[in-house]
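**Student:** Below: one structure in structure tokens.
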């Protein structure tokens, strides 16, 4: 039962909380104009900070589009409407093709823009947002089957996600981003505890998961994330000394 509760929770949280209108002819023009401006900045001789910011904003714009298109796929099994199909075609023609996975019939997060931003600006506010978006995008893309043991996530990817999450919590973040980062990192700790190479490693990650879950409960007592994490702890190896 816990697995299905977690799967439902993660699926519901993978869509940004802000309301989006459906893709219309007007929004297509807005998106294409924004993409053109951002790509112009990226290709320019502006400062590394400005180009890094443009990469982050372009990634966010493409991810907003991919969220909308995935809602269409969830509801109808295919992208519907002339504006949506025109937008996909124009993005491809303009060098900003949306990532797509035919096997799952879903558009994917465009993570390379966040990686490019980090190459240009490895520290500072832009880097913090790029790392958060990279952590978030990779996390939700891995949610297939059992979210506690993602079939598409390698051990190396899990280690990198943990490194990203731990680094982010040492940086200044908005309250919402800090809460979500803590949640994602705690889930990764649970994954690592359940798949650790030896008993001691499993216990160590389980201890980190418990500590982070306790912090989330203190900081966000009414959060569904905190409640879900509390239930997950029962599946972890027992604390040392018990």
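**Student:** Please build a GNM for the chain, connecting alpha carbons under 10 Å apart, and tell me which residue among 156, 226, 48 fluctuates the most.
**Tutor:** 156
**Student:** Treat each spin label as a single point 7 Å out from the Cα along the C-beta direction, and report the residue 85 to residue 50 distance in nm.
**Tutor:** 4.0 nm
**Student:** By how many degrees, between 0 and 90 and to the nearest 10, does the Cα long axis of helix 175-195 differ from the longest principal axis of the chain?
**Tutor:** 60 degrees
**Student:** So for the pair residue 214, residue 170, with labels modelled 7 Å out along Cα→Cβ, what separation do we get in nm?
**Tutor:** In this crude spin-label approximation the distance works out to 2.2 nm.
**Student:** As a test of the formula, what do you get for the chain when each DSSP H run with n ≥ 4 contributes -39,500 (n - 2.57) and the sum is divided by the residue count, at 222 nm and rounded to the nearest 500 deg cm²/dmol?
**Tutor:** Calculated mean residue ellipticity at 222 nm is -22000 deg cm²/dmol.
**Student:** Compute the angle between helix 155-168 and the longest alpha-carbon principal axis of the chain, please, reported from 0 to 90 degrees and rounded to the nearest 10.
**Tutor:** With rounding to tens, the tilt is 80 degrees.
**Student:** When the chain is treated as a GNM, springs tying every alpha-carbon pair under 10 Å, which of 54, 75, 186 comes out with the largest mean-square fluctuation?
**Tutor:** 75
**Student:** Another question about this same structure. With each pseudo-label sitting 7 Å past Cα toward Cβ, what's the residue 112-residue 146 distance in nm, one decimal?
**Tutor:** Using points 7 Å along Cα→Cβ, the separation is 3.4 nm.
**Student:** Now a separate question. Once you have the Cα-Cα distance between residue 78 and residue 163, take 0.36 nm times their residue separation minus that, and quote the gain in nm to one decimal.
**Tutor:** Full-extension gain reported as 27.0 nm.
**Student:** If one takes the longest principal axis of the Cα atoms in the chain, at what angle in degrees, from 0 to 90 and to the nearest 10, does the Cα axis of helix 25-42 lie?
**Tutor:** 80 degrees
**Student:** Also, I was wondering about something else. If the elastic network links every pair of Cα atoms under 10 Å, which of 76, 188, 112 fluctuates the most in the Gaussian network model of the chain?
**Tutor:** Highest fluctuation of the listed residues: 76.
Taken together, the values in this text are just the output of simple stated rules run on the coordinates, not laboratory data. Note that this is a predicted model, so its numbers are computed, not measured. Note that each Cβ is placed from the backbone with ideal geometry, even for glycine, and that neighbours are counted across all protein chains shown.
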